[in-house]
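S.K.: Sharing a structure, written as structure tokens. Questions coming.
The values are calculated or read from the model by the stated rules, or taken from the named source; none is laboratory data. Computed from a prediction, not measured in an experiment: that's the story for all the values here. All Cβ positions, glycine included, derive from the backbone under ideal geometry; neighbour counts span all protein chains shown. What goes into the accessible areas is simple: the full protein's heavy atoms, side chains included, and nothing from ligands, DNA or RNA. Shrake-Rupley method; radii C 1.70, N 1.55, O 1.52, S 1.80 Å.
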Amino acid sequence: MSSTEAEVQSARGVWEKMYVDAEDNGTVVLIRMFTDHPDTKTYFTHFKGMDSTKEMKQSDQVGGHSKMVFIAINNMVQHLDNSKVFLGIVNPLGKTHATQLEIEPKNFRIICDIIFNQWRRNLAETAKLLLRRWPMKSALT
């Protein structure tokens, strides 16, 4: 089933709120994945020895990889309305992660959930800032 143009635009708008700060949001996502699901860190041999959140936040390797992940997701989101291009992005990534890197499929669900939760946190922060700036007046008063 294809998405409507409105659904595609909505998805792009939602994603843009995360992608605007790709490296920072991506770093938060990877750190959360590594701390909440430590077994996922075993796939990243070049992150060995980085045990503290502070070390990971300061790591150019973690920041660089997180940015690369967010760039790949952004490419997919930008082509939601063109299945041929979308699949041309997703299929090679999926194949590499499955065959060469031997990433278990459950880990994709984990990172997707963490990305969604990070987006929710960002949205809640934005809402709080807006409400402080422009407090809502009750319609009943």
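S.K.: How much accessible surface area, in Å² rounded to 10, belongs to the heavy atoms of residue 97 with a 1.4 Å probe?
M.R.: Residue 97 exposes around 50 Å² with every protein chain in place.
S.K.: Let me ask another. Roughly how tilted is helix 22-36, in degrees to the nearest 10 and between 0 and 90, from the longest Cα axis of the chain?
M.R.: For 22-36 against the chain, the angle is about 70 degrees.
S.K.: From the backbone phi of the stretch 43-58, what are the Karplus-calculated ³J(HN,Hα) couplings (6.51 cos²θ - 1.76 cosθ + 1.60, θ = phi - 60°) in whole Hz, Gly and Pro given as x?
M.R.: 6, 10, 4, 6, 9, 4, x, 8, 9, 9, 4, 4, 4, 5, 4, 8
S.K.: Any idea what angle helix 83-95 forms with the longest principal axis of the chain, computed on alpha-carbon atoms, 0 to 90 degrees, nearest 10?
M.R.: With both axes taken from Cα atoms, the answer is about 50 degrees.
S.K.: How far is helix 60-78 tilted, in degrees, relative to the longest principal axis of the Cα atoms in the chain, given as a value from 0 to 90 rounded to the nearest 10?
M.R.: The helix 60-78 is inclined about 70 degrees to the chain.
S.K.: Of all the stretches in the chain, which is the longest one without any exposed loop site, taking trypsin sites (Lys or Arg not before Pro) in a DSSP loop (any state but H, G, I, E, B) with at most 13 other Cβ atoms within 10 Å?
M.R.: Counting at most 13 other Cβ atoms within 10 Å as exposed, the longest clean stretch of the chain is 49-136.
S.K.: So, one more: How big is the chain by the Kirkwood estimate over distinct Cα pairs, in Å?
M.R.: So the Kirkwood estimate lands at 17.0 Å.
S.K.: Okay, moving on. Heavy atoms of the protein only, probe of 1.4 Å, neighbouring chains included. What is the accessible area of residue 43 in Å², nearest 10?
M.R.: Accessible area of residue 43: about 70 Å².
S.K.: Then there's this: Counting Lys +1, Arg +1, Asp -1, Glu -1, what net charge surrounds residue 35 among other residues with beta carbon under 13 Å of its beta carbon?
M.R.: That works out to 0.
S.K.: Leaving out ligands, DNA and RNA, what percent of the accessible area of the chain is carbon and sulfur, probe 1.4 Å?
M.R.: In the chain, the share of accessible area belonging to carbon and sulfur is 58 percent.
S.K.: Next up: For the pairs 41/84; 41/106; 17/67; 48/95, flag any whose C-alpha to C-alpha distance is greater than 23 Å. The partial results should precede the final answer.
M.R.: Numbers: 41/84 32 Å; 41/106 14 Å; 17/67 15 Å; 48/95 25 Å.
Correct reply: 41/84; 48/95.
S.K.: With every protein chain left in place, what is the accessible area per residue of the stretch 14-141 in square angstrom, probe 1.4 Å? Working shown, then result.
M.R.: Numbers: 8870 Å² over 128 residues.
Result: 69 Å² of accessible area for each residue.
S.K.: Another question, if that's okay. Provide the solvent-accessible area of residue 44, counting protein heavy atoms only and rolling a 1.4 Å probe, rounded to the nearest 10 Å².
M.R.: For residue 44, solvent-accessible area is about 30 Å².
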